[in-house]
Amino acid sequence: MLKIELGSKSYDILLEEDALKKLGAWVAEKWSARKIALISDSNVFPIYGAAVLADLKKHGFEVVHYIIPAGEKSKSLETANQLYDFLTENDFSRSDALIGLGGGVIGDLTGFVASTYMRGLHFIQVPTSLLAQVDSSIGGKTGVNSQKAKNIIGTFAQPDGVLIDPTTLKTLPQNRLAEGMAEVIKCALIQDKNLWQQLRSLSGLNEVLPNSVSIIEKALLVKKKLVEADEFDESERLLLNFGHTIGHGLEASQHYENITHGEAVAIGMVQMTKAAEEKGFSQAGLAEEISQMVKKYQLPASFTPWQSKEIYQAILHDKKVRGKNIQIVIVPEIGKGEIHKILLSDFQSYL
């Protein structure tokens, strides 16, 4: 059991194999009897939905559920509006709550709707993808995409708890498991050399599941430390954006098609380090080392066609932009991330 220490907003992270089987009892320890909306998607709900609904009802909760189409395009204001209508039609009040069961899209959307419906409902995250388990379910960032930028509309809202069951990864397609490894590799690069060494010692994606608890815990400890030091993403927590500035721009340039978030982050980490090497900010050869690592875990190191102008235009709307400046993250050496403030116009040279 881990705990995110944020004063009155602190919460537990239950990381345990087969934890999903005890969800009802765990939720009952945190919440009194109330109405719960279980939010899931068309991929995850058919696998776990019926058992989760039955378990929650067994422990005294009145439960309704809403299923959205799987995929990044559902992370939108349109879907959020549909959820607001659903909650209103089911007479949800501020004493009721939401549970997000799924990957990063479900977690971000559930948190956003919970934090904005009636100015705030309680919610719990149950991430079922590796990417969500090591990254998006932790730290209280919620959000939806606009047509022009990823996660541009959102709130900071901490959940009442996060339940992580690594056995859910067994039902993930290989490309989705690989996607989550981009965030694990990022955590190793910015702050955990031991995690990097562990990833080097494994043969590849086939060894992730047998080592999932250890891998997830190490990545979570990196994020825990940064979130506790900087809840609102103003200083140290920006390190978690390594690879994301270019990655988000790449996703937007492709209209959230043709490339997943994890793939875009992997490419972003390689591209940022190539540019940092050329400028003398990173060790020579580090970009190639990162490139080999992402490829080992079945992630791309480059993308074609590379539309630098379109990527830059998307980056103009990045949340790390401050006036004419942007805060970027580079890795001079493995296990050591740094935040640099540069002119926004200078960022074009990183592309």
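Okay, here's what the table says:
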{"item": "Whole-Hz couplings from phi, Karplus 6.51/-1.76/1.60, listed for the stretch 329-335; x for Gly and Pro", "result": "10, 10, 10, x, 8, 4, x"}
{"item": "Compactness relative to 2.2 N^0.38 Å, alpha carbon Rg of the stretch 2-171", "result": "0.93"}
{"item": "Relative contact order, percent, the chain [alpha-carbon distance under 8 Å, six or more residues apart]", "result": "15 percent"}
{"item": "Residue (of Gly143, Ala28, Phe281) at the positive-pole extreme of the chain, dipole from beta-carbon charges", "result": "Phe281"}
{"item": "For the chain, calculated [θ]222 nm from helices alone, where every DSSP H run of n ≥ 4 adds -39500 (n - 2.57)", "result": "-12000 deg cm²/dmol"}
{"item": "Relative contact order (percent, whole number), the stretch 239-301, Cα cutoff 8 Å, 6+ residue spacing", "result": "31 percent"}
{"item": "Antiparallel content of DSSP bridges confined to the chain, in %, to 5", "result": "40 percent"}
{"item": "Dipole of the chain, positive end: most advanced residue of Val126, Val184, Thr245 [Cβ charges, Cα centre]", "result": "Thr245"}
{"item": "Dipole magnitude of the chain, debye to nearest 20 (Cβ charges: Lys/Arg +1, Asp/Glu -1, about Cα centre)", "result": "260 debye"}
{"item": "Rounded to the nearest 20 debye, dipole of the stretch 174-350 from Cβ charges on Lys, Arg, Asp, Glu", "result": "120 debye"}
{"item": "Dipole moment magnitude, nearest 20 debye, the stretch 34-98 about Cα centre, only Lys, Arg, Asp, Glu C-beta charged", "result": "220 debye"}
{"item": "Relative exposure of Ser10, Ser308, judged by other C-beta atoms within 10 Å (fewest first)", "result": "Ser10, Ser308"}
{"item": "Label-point separation, Ala54 to Ser349 (7 Å along Cα→Cβ), nm", "result": "6.2 nm"}
{"item": "Rounded to whole Å, sorted largest first: equivalent-ellipsoid semi-axes of the stretch 293-344, Cα gyration tensor", "result": "24, 19, 8"}
{"item": "Calculated P(r) tail over 22 Å for the stretch 71-158, as whole % of Cα pairs", "result": "18 percent"}
{"item": "Of Ile39, Val331, Ser10, farthest towards positive along the dipole that unit charges on Lys, Arg, Asp, Glu beta carbons give the chain", "result": "Val331"}
{"item": "Highest to lowest packing among 179-187, 326-334, scored as the average C-beta count within 10 Å", "result": "179-187, 326-334"}
{"item": "Greater than 26 Å apart at Cα, pairs in Lys186/Lys320; Lys35/Lys320; Lys296/Lys336; Lys57/Lys223; Lys150/Lys279", "result": "Lys35/Lys320; Lys57/Lys223; Lys150/Lys279"}
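Read-outs throughout are calculated quantities, based only on the coordinates presented, and are distinct from any laboratory measurement. Everything numeric in this text was worked out from a predicted model, so none of it was measured. Positions of Cβ are generated from backbone atoms using ideal geometry, with glycine treated the same way; all protein chains shown enter the neighbour counts.
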